[in-house]
Amino acid sequence: DQNYTSFCRLDIDIHKNIPHVHLHEKRENKTHWHGAEIEVIIEGNWTTHRSKILHYMRQMAVITPYAQFLFKFLSDAA
């Protein structure tokens, strides 16, 4: 059992496929949790790029069949 979890906050330069790490820290793991949890925020014009975003999500599902995906669409529109 590991007594810490790793937490990273980053963004990815999608043109160069290079990550920019903003935060990387070890956090105490009192509950002995194990696994991986990834949260992704994709910003952009949903109307224009909807098909590409959904295609990307389908590709992720194919290469990680053991994963569970929850997709939420949040609009900034008033």
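The values are calculated or read from the model by the stated rules, or taken from the named source; none is laboratory data. These figures come from a predicted structure and were not determined experimentally. Note that we place each Cβ from the backbone using ideal geometry, even for glycine, and neighbour counts take in every protein chain shown.
Just to verify a result, which residue in the range 1-39, among those that are under 13 Å from the mean Cα position of the chain (by Cα) and loosely packed, with under 10 Cβ neighbours inside 10 Å, is nearest to K72 (Cα to Cα)?
Going residue by residue through the range 1-39, those that are under 13 Å from the mean Cα position of the chain (by Cα) are 7-12, 19, 36-39.
After this cut, where a residue has to be loosely packed, with under 10 Cβ neighbours inside 10 Å as well, the list is 36-39.
Details: A36: 19, E37: 16, I38: 14, E39: 11 Å.
In this case the residue turns out to be E39.
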Exercise. How many of the residues in the range 40-54 are exposed (fewer than 10 other Cβ atoms within 10 Å of the Cβ) and at pLDDT 85 or above?
Worked result: 3
